[in-house]
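Okay, so here's the structure we're looking at.
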Amino acid sequence: MSPIEQPLELSHLKLKNRIIRSATHSFLPSEDGRMTDEEFAMYETLAKNGIGLIITGHCCVDPLGRANKQQVNIFDDSYIDQFKRAAAIAHVEGAAFVPQISHAGPRAIGVDDLADVSARALKKNRHARELTVDEIHHIVTHFVLAAARLKYAGVDGVQLHAAHSYLLSRFLDPTFNERTDAYGGSAENRFRIVREIIEGIHAKCGDDFPVLVKINLDTEHEDAAGYHDAMIYMLKEFHRLGVELVELSGVDFINQPKDATLYYLDEGKALKAAVPEQPMSLVGGVRSLADMEAVLAAGFEMVSLSRTLIAEPDFLQKELSGGEKSICVSCCRCFVLPEMHKGMRCVWQWKKARAAAKK
């Protein structure tokens with residue numbers, strides 16, 4: 001038996017194996033923020049193919065923080081029932097189901113008055129002003145209420161999206177955070193909004209409702225060593241706050257060479273060694289059974305997959321049956337293909353469908 005098949009019991013979450021489907025935007029939801037039958041079918045396929053923990057694509061907690069028009073919403077009670085259905089689908093196959101909750105910050109669509117952690121010029125001649133403290137408190141409340149709705153829906157926890165240049169990651173990273181108040185400057189201050197959200201969720205939902213976090217382990221800031229030290233501080237804080245699991249990602253996964261694998265393993269291994277008490281997973285360039293096992297051998301409790309499962313939803317089963325490495329070549333066409341061909345995420349799937357149509 002491979003180590004990835006071993007069950008795992010965290011503080012408040014029991015998992016049948018060590019594999020996470022990392023949060024991945026599907027482009028399948030409707031434009032009014034609701035899961036479609038295609039989205040539900042995707043979760044069923046993932047669960048039937050042995051994934052232990054399914055994390056949804058990022059779900060919007062605030063009408064002013066919606067990242068794109070095909071994003072699932074959870075900013076009012078009318079969106080609860082879809083999560084009940086999705087969780088039930090996953091649970092039939094023994095998979096845990098955890099929605100990721102997020103705020104787009106200055107990347108929000110349909111918002112004229114854009115706001116960011118600090119004021120800055122944006123692309124396309126746009127500008128974002130600095131969020132006020134009252135607005136920050138309002139955003140914290142949105143995250144907490146979203147988590148409470150999801151607990152009511154019967155999901156197995158929530159994951160805070162604090163990576164990939166969405167709002168929470170911009171507070172944590174000095175690349176973006178130039179504030180001089182209680183939410184900027186030191187690592188402790190930059191972490192404040194995330195701490196307040198976690199504490200708020202625990203106060204509202206109970207300490208036994210799992211809170212997970214996805215975070216960048218690196219930065220575009222010139223002080224990379226300083227960010228490494230800040231990461232150690234934040235990971236220790238996550239453990240103190242009772243975070244169930246921290247998923248480590250990175251800022252530049254799109255720009256990695258096509259033949260690269262395990263982009264973040266070296267830094268991730270160093271962080272895990274520094275804070276071994278905090279359960280963690282690693283995502284980025286996992287393309288084979290050997291890669292998955294290497295992540296666990298580095299001390300991580302779990303390993304996360306994203307683009308490999310876009311290309312091959314049965315990737316885990318294939319690898320455990322002695323298959324070759326993933327067909328994913330990190331071309332990143334999965335970020336643009338759905339806009340041209342609805343329902344298609346992977347170029348290999350599109351080519352297969354096109355060939356079948358010509359017969």
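The values are calculated or read from the model by the stated rules, or taken from the named source; none is laboratory data. Please read all numbers here as calculations on a predicted model, not as lab measurements. For neighbour counting, all protein chains shown are included, and Cβ atoms are generated from backbone atoms with ideal geometry for every residue, glycine included. Just the protein is used for accessible areas: all its heavy atoms, side chains included, with ligands, DNA and RNA removed. Shrake-Rupley method; radii C 1.70, N 1.55, O 1.52, S 1.80 Å.
Worth pointing out:
- When region 28-45 is filtered for residues that are over 16 Å from the mean Cα position of the chain (by Cα) and in a helix (DSSP H, G or I), the ones remaining, listed by number, are Asp37, Glu38, Glu39, Phe40, Ala41, Met42, Glu44, Thr45.
- Meets criteria (small (Gly, Ala, Ser) and either open to solvent by less than 50 Å² (accessible area, probe 1.4 Å) or under 17 Å from the mean Cα position of the chain (by Cα) (or both)) for Ala357: no
- Of the residues contained in region 326-339, one or more are found to be over 30 Å from Gln6 (Cα atoms), under 21 Å from the mean Cα position of the chain (by Cα), buried (at least 21 other Cβ atoms within 10 Å of the Cβ) and in contact (Cβ under 8 Å) with a residue 24 or more places away in the chain.
- Of note, Val246 does not satisfy the criterion of being open to solvent by less than 20 Å² (accessible area, probe 1.4 Å), modelled with pLDDT of 90 or more and assigned to a loop (DSSP other than H, G, I, E, B).
- Some residue of region 64-72 being open to solvent by 40 Å² or more (accessible area, probe 1.4 Å) and farther than 24 Å from Met234 by Cβ: yes
- Taken over region 92-131, the criterion of being in contact (Cβ under 8 Å) with a residue 12 or more places away in the chain, open to solvent by 60 Å² or more (accessible area, probe 1.4 Å) and over 20 Å from Lys69 (Cα atoms) is satisfied by Val92, Glu93, His127, Arg129, Glu130.
- Residue list for region 213-229, filter: touching a Gly at 6+ places or on another chain (Cβ under 9 Å), open to solvent by less than 30 Å² (accessible area, probe 1.4 Å) and under 16 Å from Lys272 (Cα atoms): Asn216, Leu217
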